[in-house]
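The values are calculated or read from the model by the stated rules, or taken from the named source; none is laboratory data. The structure presented is a predicted model; accordingly, all values stated were derived computationally and were not measured. For neighbour counting, all protein chains shown are included, and Cβ atoms are generated from backbone atoms with ideal geometry for every residue, glycine included.
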Amino acid sequence: MSQDPLLEIKNLETVFFTDDGVIKGCDGVSLKVNPGETLAVVGESGSGKSVTAMSILNLIPDPPGKITNGEILFQGQNLVGLGKEEMRKIRGNHIAMIFQEPMTSLNPAMTVGAQIAESVMLHHNPDKKAALEKAQEMLHLVGIPAPARRLKEYPHQMSGGMRQRVMIAIALACSPSLLIADEPTSALDVTIQSQILKLMKKLQEKMDMAVLLITHDMGVVAETADKVAVMYCGSIVEYGPGHDIFFNAKHPYLMGLKESVLSIDDTVDELPVIKGNIPDPLHLPPGCRFEPRCPRAMEICKRKRPQPVYFNSEHHACCWLHGGDHDTSV
Amino acid sequence: MTPASETAPLGGFPAPEKKTLPRDSAHETVLCVKDLKVYFPVKKGIFKKTVGHVKAVDGVSFDLFKGRTLGLVGESGCGKTTVAKALVKLVPAHQGQVICKGRDLLTAPAPELRKLRKNIQMIFQDPFSSLDPKMTVGNIIGEAVKFHRPGEDVKKRVQDCMEITGLRREYDKRYPHEFSGGQRQRIGIARALATEPAIVIADEPVSALDVSVQARVLNLMKSLQQRLNIAYLFITHDLSVVKHISHDIAVMYLGSIVEIFNSRDLKSGTVHPYTRALISSIPLAMPGQKRNRIELTGEIPSPMDAPPGCGFQTRCPYKITRCETHRPLLERVKSRHTVACHRWKEIKFS
């Protein structure tokens with residue numbers, strides 16, 4: 001890889017101090033996003049996907065949360081410990097975010113035009129008229145009919161799909177080089193979901209933007225992702241190009257996850273399941289976090305946390321099944 | 001009261017019926033819904049004058065059979081949940097009949113309705129908000145038992161229900177917040193089973209759960225059905241879920257059912273353009289592969305000013321002028337397969 005990554009996270013640790021103890025939301029997450037590429041982060045609820053995204057934008061509420069270790073390098077600049085003012089210049093401008101709930105993440109008391117224009121005025125051009133023109137252009141770009149009229153409408157006058165388009169318009173108004181999309185289509189119906197995914201893909205190519213896509217839907221991943229990171233209990237357990245993840249999965253958790261995905265093409269009677277539940281984040285198992293649920297757990301898994309084992313330059317998994325140095329103390 | 005014998009290993013639950021029903025022909029009807037309509041008035045002005053109606057459910061008919069599942073699918077706003085609520089009278093129906101045990105639930109007087117209701121139970125979508133946080137799990141599950149089955153040992157019944165849904169018997173003193181999402185959904189299922197209903201209406205019971213948990217809850221629901229011979233009305237927006245659990249599938253669009261078919265036909269046997277489009281827009285969990293996608297433009301119209309004629313005409317790629325004026329009725333395609341489309345015979349899907 002000669003290319004410089006757009007975003008590089010190194011050994012990120014985000015912890016939450018609660019009354020019951022310290023919870024590690026992110027526990028040593030490292031990943032890279034290259035310009036123009038889509039990285040999908042998948043995992044179940046509570047696996048730390050959203051915490052990773054929030055950490056990048058410095059949106060972790062402090063207290064109780066805090067980034068205690070690691071670096072987040074965006075275009076070579078470390079975002080960890082950046083001042084409020086400097087962060088504000090990056091957030092919404094170079095890195096934009098789309099949130100999961102199109103119903104609750106828009107301001108109900110502002111017209112959609114004003115909400116799109118807000119970030120344009122803040123980051124680029126304080127002229128309101130020009131900003132509103134830009135907003136209209138953006139609404140047109142995301143495929144909302146009659147943008148001039150819609151500009152003056154409020155979020156409640158729009159349907160879920162429309163609102164998600166408005167969210168995308170807000171996020172893309174400043175032409176960011178990285179878009180973080182946290183479950184952008186989970187709240188939408190399938191026919192609308194396919195419209196939105198297609199739109200995001202089109203705009204990504206047009207604006208040459210990288211996308212960090214957070215999702216739990218393996219179907220969405222298969223359709224959009226260049227690379228995939230699979231998270232479990234705050235760490236990445238497997239990482240690699242989409243093709244390797246789908247056809248050459250190495251980690252038992254990923255295999256289980258893929259099996260339990262329902263498909264209309266299957267005709268199984270009883271679905272395969274991953275036994276047990278995600279462990280309590282306050283009482284994580286000492287060795288591999290997946291060990292209590294793993295069908296192929298071994299003696300060493302109980303004692304030591306596995307380190308990444310590389311299968312090719314990009315594909316790696318953290319699992320003792322694939323060897324690794326047993327003497328590495330963690 | 002009921003001595004636990006070898007045939008009924010789980011407390012008061014009846015043993016599965018041994019007699020085998022003839023396949024695909026004579027299933028016993030347990031609930032018959034005829035031309036159900038639910039209209040919500042739209043009121044305006046200081047005198048609250050009714051200016052129009054939201055036709056949330058506009059003429060829906062179907063049957064539920066003993067021990068079988070009817071999956072009801074459709075996009076948000078198509079009226080799925082309103083159908084469910086109308087069946088148990090949580091919203092008033094405007095017109096139609098819901099016949100259970102020979103009685104119309106919609107016109108039955110209150111005392112009789114209360115007795116009939118123990119036959120129909122509901123499982124709700126959100127396991128986090130559908131359980132009273134101030135009640136113990138035992139009280140949540142036992143409430144209906146106390147009402148519908150007076151004289152029964154409530155505690156034992158509750159614990160039997162918990163056991164059958166895979167919860168530990170000792171947990172009946174705990175409160176809902178002490179359980180995970182999947183466990184809470186099990187509590188919801190246990191509550192629904194407590195009165196030994198013939199019919200369970202499940203409104204998106206797995207949508208709020210992670211895939212691995214979802215698979216477990218579906219397996220549980222399926223095995224309970226086989227054991228207790230319950231009829232499910234399974235409401236969801238997820239076609240892969242519905243394929244897995246249902247025997248028959250009804251697709252709803254804008255307040256009406258557009259197609260009912262056997263779930264075996266889901267992949268290639270359906271004939272309504274909307275059903276086809278819906279199936280084609282499911283993302284495949286295989287990179288590089290794609291379904292032949294029928295891209296729908298636009299969104300579902302508002303049920304307040306639904307177009308005359310076919311509800312799907314505003315998005316249908318096969319629309320003709322007849323669709324604008326005449327509402328298609330359900331026609332028979334073959335046994336256990338009906339469709340409401342003027343052109344189903346002509347359209348060829350690639």
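Residue by residue through region B:211-246, note down the ones that are within 19 Å of B:Ile120 (Cα to Cα), of a type outside the set (A, V, I, L, M, F, W, C) and in contact with a Gly (Cβ under 9 Å, 6 or more places away or on another chain). Across region B:211-246, the qualifying residues are B:Gln225, B:Gln226, B:Asn229, B:Tyr232, B:Thr236, B:Ser246.
Strands (runs of 3 or more DSSP E) fully within region A:1-43 that include at least 1 residues being surrounded by fewer than 18 Cβ atoms within 10 Å (Cβ to Cβ) and either hydroxyl-bearing (Ser, Thr, Tyr) or modelled with pLDDT of 90 or more (or both): A:7-18, A:21-33. Criterion applied to B:Gly67, B:Gly71 was being within 30 Å of A:Ser159 (Cβ to Cβ), at pLDDT 90 or above and surrounded by 13 or more Cβ atoms within 10 Å (Cβ to Cβ), and the one residue passing it is B:Gly71. For region A:206-223: of the residues being within 7 Å of another protein chain (Cβ to nearest Cβ) and touching a helix residue (DSSP H, G or I) at 6+ places or on another chain (Cβ under 8 Å), which is surrounded by the most Cβ atoms within 10 Å (Cβ to Cβ)? The selected residue is A:Met218. Say we look at region B:286-336 and pick out the residues that are of a type in the set (S, T, N, Q) and within 14 Å of chain A (Cβ to nearest Cβ); which of these is nearest to A:Phe247 (Cα to Cα)? Ranking the qualifying residues of region B:286-336, first place goes to B:Gln289. Note on region A:167-199: among residues that are in contact (Cβ under 8 Å) with a residue 60 or more places away in the chain and polar (S, T, N, Q), the one that is farthest from the other protein chains (Cβ to nearest Cβ) is A:Ser177.
Looking at the structure I just gave you, is B:Gly151 farther than 27 Å from B:Thr69 by Cβ, more than 14 Å from chain A (Cβ to nearest Cβ) and in a loop (DSSP other than H, G, I, E, B)? The answer is yes for B:Gly151. Of all the numbered requirements in (1) under 25 Å from the mean Cα position of the chain (by Cα); (2) buried (at least 20 other Cβ atoms within 10 Å of the Cβ), B:Glu163 misses one, and that requirement is (2). Scanning region A:157-202 for residues that are among the β-branched types (Val, Ile, Thr) and assigned to a helix (DSSP H, G or I) yields A:Val166, A:Ile168, A:Ile170, A:Val190, A:Thr191, A:Ile192, A:Ile196. Residue check: is B:Ser212 surrounded by 20 or more Cβ atoms within 10 Å (Cβ to Cβ), free of Cβ contacts under 8 Å to residues at least 24 places away in the same chain and not aliphatic (A, V, I, L, M)? Judged against the criteria, B:Ser212 is a match. Does at least one position in region B:89-112 carry a residue that is in a helix (DSSP H, G or I) and touching a residue at least 12 places away in the same chain (Cβ under 8 Å)? No, there is no match, as no residue in region B:89-112 is in a helix (DSSP H, G or I) and touching a residue at least 12 places away in the same chain (Cβ under 8 Å).
Screening B:Thr29, B:Thr7, B:Thr2 for residues that are surrounded by 10 or more Cβ atoms within 10 Å (Cβ to Cβ), at pLDDT below 85, hydroxyl-bearing (Ser, Thr, Tyr) and out of contact with any helix residue (DSSP H, G or I) (no Cβ under 6 Å at 6 or more places or on another chain) leaves exactly one candidate, B:Thr2. Residues in region B:329-336 include none that are more than 27 Å from the chain's Cα centre (by Cα) and surrounded by 15 or more Cβ atoms within 10 Å (Cβ to Cβ).
Conditions (1) modelled with pLDDT under 90; (2) facing another protein chain (nearest Cβ under 10 Å), marked per residue:
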| position | (1), (2) |
| --- | --- |
| B:Thr195 | yes, no |
| B:Leu209 | yes, yes |
| B:Val217 | yes, yes |
| B:Gln225 | no, no |
| B:Ile235 | no, no |
| B:Ala250 | no, no |
| B:Asn262 | no, no |
| B:Pro273 | no, no |
| B:Leu284 | yes, yes |
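When you look at B:Ile140, is it surrounded by 15 or more Cβ atoms within 10 Å (Cβ to Cβ), touching a Phe, Trp or Tyr at 6+ places or on another chain (Cβ under 9 Å) and among the β-branched types (Val, Ile, Thr), yes or no? Considered against the rule, which asks whether it is surrounded by 15 or more Cβ atoms within 10 Å (Cβ to Cβ), touching a Phe, Trp or Tyr at 6+ places or on another chain (Cβ under 9 Å) and among the β-branched types (Val, Ile, Thr), B:Ile140 comes out as no. If you go through region A:232-285 and pick out every residue that is facing chain B (nearest Cβ under 10 Å), surrounded by fewer than 19 Cβ atoms within 10 Å (Cβ to Cβ), touching a Pro at 6+ places or on another chain (Cβ under 7 Å) and in a loop (DSSP other than H, G, I, E, B), you end up with 1.
Of the residues B:Leu254, B:Leu330, B:Leu278, the single one that is at positive phi, touching a strand residue (DSSP E or B) at 6+ places or on another chain (Cβ under 8 Å) and not polar (S, T, N, Q) is B:Leu254.
Considering (1) within 18 Å of the chain's Cα centre (by Cα); (2) surrounded by 19 or more Cβ atoms within 10 Å (Cβ to Cβ), the lone condition that A:Gln195 does not fulfil carries the number (1).
Determine if region A:153-166 includes at least one residue that is more than 12 Å from chain B (Cβ to nearest Cβ) and either over 17 Å from A:Met103 (Cα atoms) or of a type in the set (Asp, Glu) (or both). Reasoning before the result, please.
As a first pass, look at region A:153-166 and keep what is more than 12 Å from chain B (Cβ to nearest Cβ): A:153-156, A:166.
Next cut, either over 17 Å from A:Met103 (Cα atoms) or of a type in the set (Asp, Glu) (or both) only: A:153.
Checked against the condition, which is being more than 12 Å from chain B (Cβ to nearest Cβ) and either over 17 Å from A:Met103 (Cα atoms) or of a type in the set (Asp, Glu) (or both), region A:153-166 yields at least one hit.
Is there a residue in region A:95-111 that is in a helix (DSSP H, G or I), closer than 18 Å to A:Ile196 by Cβ and touching an Asp or Glu at 6+ places or on another chain (Cβ under 9 Å)? No, region A:95-111 has no match at all. Looking across region B:77-88 at every residue that is part of a loop (DSSP other than H, G, I, E, B) and either free of Cβ contacts under 8 Å to residues at least 24 places away in the same chain or within 14 Å of the chain's Cα centre (by Cα) (or both), the one that is farthest from B:Pro197 (Cα to Cα) is identified as B:Cys78. Return yes when B:Glu143 is among the acidic types (Asp, Glu), part of a loop (DSSP other than H, G, I, E, B) and either over 30 Å from B:Leu72 (Cβ atoms) or more than 14 Å from every other protein chain (Cβ to nearest Cβ) (or both) and no when it is not. For B:Glu143, the condition - among the acidic types (Asp, Glu), part of a loop (DSSP other than H, G, I, E, B) and either over 30 Å from B:Leu72 (Cβ atoms) or more than 14 Å from every other protein chain (Cβ to nearest Cβ) (or both) - is not met.
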